[in-house]
Structures are given as structure tokens and as C-alpha cells.
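The values are calculated or read from the model by the stated rules, or taken from the named source; none is laboratory data. Not measured: the values here are computed from a predicted model. Note that we place each Cβ from the backbone using ideal geometry, even for glycine, and neighbour counts take in every protein chain shown. Accessible surface is based on the protein model in full, side chains and every heavy atom, while ligands, DNA and RNA are left aside. Shrake-Rupley method; radii C 1.70, N 1.55, O 1.52, S 1.80 Å.
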Amino acid sequence: MEAYKHLIDDAIAYAKEKAGDKTREEQIALATDKLFVLFGKEILNIIPGRVSTEVDARLSFDKEGSIAKALSLIELYKEEGIAKERILIKLASTWEGIQAAKELESKHGIHCNMTLLFNFEQAVACAEAGVTLISPFVGRIFDWYCKNTDKKSYDRHDDPGVFSVKRIFNYYKKFGYKTQVMAASFRNTEEIKGLIGCDLLTISPGLLGELAKDLEAVPVVLTEESAKKSALDKIEATESRTRFEMNEDTMATDKLSDGIRRFAADARSLEKLVAEKL
Ligand SMILES: *[C@@H]1O[C@H](CO)[C@@H](O)[C@H](O)[C@H]1NC(C)=O
């Protein structure tokens with residue numbers, strides 16, 4: 001968009017100025033990171049809250065690489081005068097991503113938003129790692145069930161994405177985890193109505209518009225009180241358990257791999273754009 005074109009030019013200029021003895025690859029990476037940060041700053045200018053900036057999906061299985069990338073993003077924000085308190089580093093919920101988040105939170109006080117989260121075990125591992133926020137994808141779970149099973153329609157009471165988030169919310173509240181649950185990727189307002197009471201929700205303008213016109217009185221479904229009564233047992237998210245349980249879950253395995261491939265493809269096309277400008 002024309003309105004944001006100057007952000008690209010600014011990011012390129014920045015990378016050129018800092019070129020020094022950097023390789024071309026390093027310059028491209030710096031320009032790309034700078035671009036993320038300039039967009040993040042633009043958003044922070046109009047909202048009071050936090051903004052998420054994503055670590056390159058190609059680092060999804062590289063703990064140290066993810067940490068280094070997160071630290072450099074936070075440093076770039078600092079140069080722009082933005083404190084780490086206003087930033088969430090978004091990482092894929094692979095075992096390595098979760099361990100990177102654990103270190104970022106505990107050693108560096110950097111807040112993380114765990115994405116591509118489709119499964120209960122991933123959520124438990126995130127809570128044990130002490131991450132600030134998880135963003136489980138309701139709609140992508142729904143998509144998978146519509147595509148891969150005979151049942152093609154769901155409501156708030158049987159939607160598998162809604163069910164997944166409810167279970168995670170109940171587990172977190174029952175066992176006193178501080179990690180916030182911010183359900184995301186909604187396909188319809190039924191899914192939203194099925195999760196009233198969740199800590200946070202990411203809702204698109206289109207669905208917010210539908211809700212604004214909707215006069216149904218919706219009850220709160222998720223509460224700490226009912227979570228405490230839920231029949232969930234405490235589990236320990238060891239590496240071997242988390243990996244095994246993920247592998248048992250065809251939907252979560254498919255969706256995690258697919259999500260990483262898509263984000264990696266996005267990263268490559270952005271890199272190409274940046275490389276041409278450089
Ligand atoms: C966290 O990431 C999800 C995508 O996984 C996004 O929808 C959500 O808005 C992010 N949350 C915050 C507070 O930035």
C-alpha cells in the first residue's frame with residue numbers, strides 16, 4: 001500500500017547505512033527485521049496496548065537462532081524508543097520455539113506470544129515454560145475437521161476448535177497458570193460465542209461488525225470457578241511426552257507443519273522484495 005511505502009524505503013536505507021562488513025544475506029535480514037519493527041511502531045502509535053512481532057518461521061526448529069532473532073528485534077525496537085513491555089515476540093509452538101520462549105521470558109524479561117497452537121499438550125508445555133500469552137487457532141482446527149471428516153457444520157457446542165480452547169482455559173485456571181489465552185482465527189460468530197469469558201480474543205473487523213448487529217444475550221461460558229471444577233488431571237509436559245502426543249494428533253501435526261510452511265513462504269517472498277530494493 002502506497003501509505004506504507006515509506007516504511008520499506010526507511011528499512012532499506014537503515015540496512016544500507018549499517019552495511020559495514022555485513023554479507024548481503026545479513027543486510028537483507030536486517031532490512032526485513034527493521035521493516036517489521038517500523039510496522040510495529042506504526043501500530044503502537046495508534047493503540048495503547050502491545051504489538052506482536054514474529055520470529056522468522058524458518059527458525060521454528062532452532063532454539064538458539066530464535067532467541068538471537070528475538071533479542072535483535074527487541075534491540076531494534078529499543079533504538080526506536082519502544083520498550084520491550086509493549087512487544088510480544090511471536091514464536092511457533094514447536095518444542096524448540098517453546099524452549100526459546102522459556103529463556104526469553106525468564107532470562108531476558110521478554111514477553112512471548114505462542115502461535116500455531118492446535119493441541120492441548122502444546123498449551124501445557126507453553127504454560128510450564130512461563131510464556132506470557134498463547135494464541136490457539138480456533139478456525140484452523142475447524143477447517144481441518146471440515147476438510148478431513150464427514151461432518152461439515154458445527155456450532156458453539158460441538159466445534160472442535162472451541163472445545164480445544166475450552167480445555168486449555170480450564171486447565172490453566174484449574175492449576176493456576178498465569179499464561180493468558182488469546183483465542184484467534186475465528187471463522188464465524190458461533191465460535192466466539194462459545195468462548196465468552198476467555199482471557200482475550202482476536203476478532204476480525206468483519207466478525208466484530210456481525211456481533212455489533214447481533215442481539216442475542218450470550219452467557220459467559222468460561223469462568224475460573226467452573227474451570228476449578230473441571231475433571232482435568234495435572235500432566236507434566238516433558239519433551240518426549242509433548243513430541244509424542246503431538247505426533248498422535250494428526251490434525252495438530254498437519255496444521256503445525258502447514259502453518260510453518262506458509263509463514264516460511266511469506267518470509268521468502270518478503271525477503272525477495274527486500275532484496276530487490278537493496
Ligand atoms: C498473538 O498472535 C496471534 C496470532 O497467532 C494474533 O492473532 C494475536 O493478535 C497476537 N496477540 C497480541 C496481543 O499481539
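Quick notes on this structure:
- Residues of segment 215-274 satisfying the condition of being of a type in the set (G, A, S), open to solvent by 50 Å² or more (accessible area, probe 1.4 Å) and not in a helix (DSSP H, G or I): A217, A231
- Considering each residue of segment 69-88 in turn, at least one proves to be modelled with pLDDT of 95 or more, among the aliphatic types (A, V, I, L, M) and within 12 Å of the ligand (Cβ to nearest atom).
Every residue, every condition in (1) touching a residue at least 24 places away in the same chain (Cβ under 8 Å); (2) within 16 Å of the ligand (Cβ to nearest atom); (3) open to solvent by less than 10 Å² (accessible area, probe 1.4 Å), yes or no:
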position	(1), (2), (3)
L104	yes, yes, yes
G109	yes, no, no
C126	yes, yes, yes
T132	yes, yes, no
T149	no, no, no
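- Complete set of residues in segment 181-191 that are part of a helix (DSSP H, G or I) and of a type in the set (V, I, T): T189
- If you go through segment 134-147 and keep only what is open to solvent by 30 Å² or more (accessible area, probe 1.4 Å) and within 11 Å of the ligand (Cβ to nearest atom), you end up with just R140.
- Tally, over segment 25-57, of residues that are in a helix (DSSP H, G or I) and open to solvent by 60 Å² or more (accessible area, probe 1.4 Å): 7
- Of all residue pairs spaced 6 or more apart or on separate chains, those with beta-carbon atoms under 9 Å, a first member in segment 37-65 that is free of Cβ contacts under 8 Å to residues at least 12 places away in the same chain and a second member that is open to solvent by less than 60 Å² (accessible area, probe 1.4 Å) and in a strand (DSSP E or B) are I43/V51; L59/L91; L59/A92.
- Pick from segment 151-168, criterion away from the ligand (no atom under 16 Å from the Cβ) and of a type in the set (A, V, I, L, M, F, W, C), ranking: nearest to S52 (Cα to Cα): V162
- Any chance S60 is within 16 Å of the ligand (Cβ to nearest atom) and either over 18 Å from T132 (Cβ atoms) or open to solvent by 40 Å² or more (accessible area, probe 1.4 Å) (or both): yes
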